[in-house]
Amino acid sequence: MREKPLLIIEALLAVIIASFLIKILPFKSVAKIAAGSGLRNNSPAPPVEAQLIARAIYACAMRAPWRAMCIQQGLAAVLMLRRKGFMATLFYGAAHTPQAALVAHVWVRSADVDVIGCETANDYGLLATFPDQTD
């Protein structure tokens, strides 16, 4: 499956914007952006669309001259999904490594459709969702 050039450009811009926001804003502000205050998109992303978005983001993140980690990739995915009118939830979790270090991870789902970072999500205890899923 080959990504469309415009999708790659959109993903690159989303990774740049997400990285910039994470760098300059406090976590609380980034969380508000991830929660999408007031945005209620009801339709989940089609699995093929979710996969294309994830592949485009991964491709851009791996080639970025800075470290675009799961949080940058996750926020970029949320921005892209919402721009396209799809629902998006950013999940934030943590786990202990065998070396007893605490590590965090971010992943994104659109309803029950895995988008990005979901491969290892079961290894992490869920700390928060954006938007909040406890309502």
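Here are the numbers for this structure:
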{"read-out": "Sole exception among (1) open to solvent by less than 20 Å² (accessible area, probe 1.4 Å); (2) in contact (Cβ under 8 Å) with a residue 24 or more places away in the chain for R82, by number", "value": "(1)"}
{"read-out": "Identity of the residue in region 85-102, part of a strand (DSSP E or B) and touching a residue at least 12 places away in the same chain (Cβ under 8 Å), that ends up farthest from the chain's Cα centre (by Cα)", "value": "A95"}
{"read-out": "Residue within region 5-25 that is open to solvent by 60 Å² or more (accessible area, probe 1.4 Å), farther than 20 Å from A121 by Cβ and part of a loop (DSSP other than H, G, I, E, B) present", "value": "no"}
{"read-out": "Those residues of region 102-130 which are under 13 Å from A77 (Cα atoms) and open to solvent by 50 Å² or more (accessible area, probe 1.4 Å), in sequence order", "value": "R109, D114"}
{"read-out": "Residue among I33, I17 that alone is farther than 19 Å from A111 by Cα and in contact (Cβ under 8 Å) with a residue 24 or more places away in the chain", "value": "I17"}
{"read-out": "Hey, R67 at negative phi, of a type in the set (K, R) and either surrounded by 13 or more Cβ atoms within 10 Å (Cβ to Cβ) or in contact with a strand residue (DSSP E or B) (Cβ under 8 Å, 6 or more places away or on another chain) (or both) or not", "value": "no"}
{"read-out": "Condition met for A31 (part of a helix (DSSP H, G or I) and under 15 Å from L13 (Cα atoms))", "value": "no"}
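Every residue, every condition in (1) farther than 17 Å from P131 by Cα; (2) aromatic (F, W, Y); (3) modelled with pLDDT of 95 or more, yes or no:
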{"site": "P47", "(1), (2), (3)": "yes, no, yes"}
{"site": "I53", "(1), (2), (3)": "yes, no, yes"}
{"site": "A64", "(1), (2), (3)": "yes, no, no"}
{"site": "C70", "(1), (2), (3)": "yes, no, yes"}
{"site": "L75", "(1), (2), (3)": "no, no, yes"}
{"site": "L102", "(1), (2), (3)": "yes, no, no"}
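The values are calculated or read from the model by the stated rules, or taken from the named source; none is laboratory data. Treat the numbers as computed from the prediction; the structure is a model and nothing was measured. Because the Cβ atoms are built from the backbone with ideal geometry, glycine has one as well, and the counts that use them run over all protein chains shown. Remember, those area values only see protein heavy atoms, side chains included, never the ligands or the DNA or RNA. Shrake-Rupley method; radii C 1.70, N 1.55, O 1.52, S 1.80 Å.
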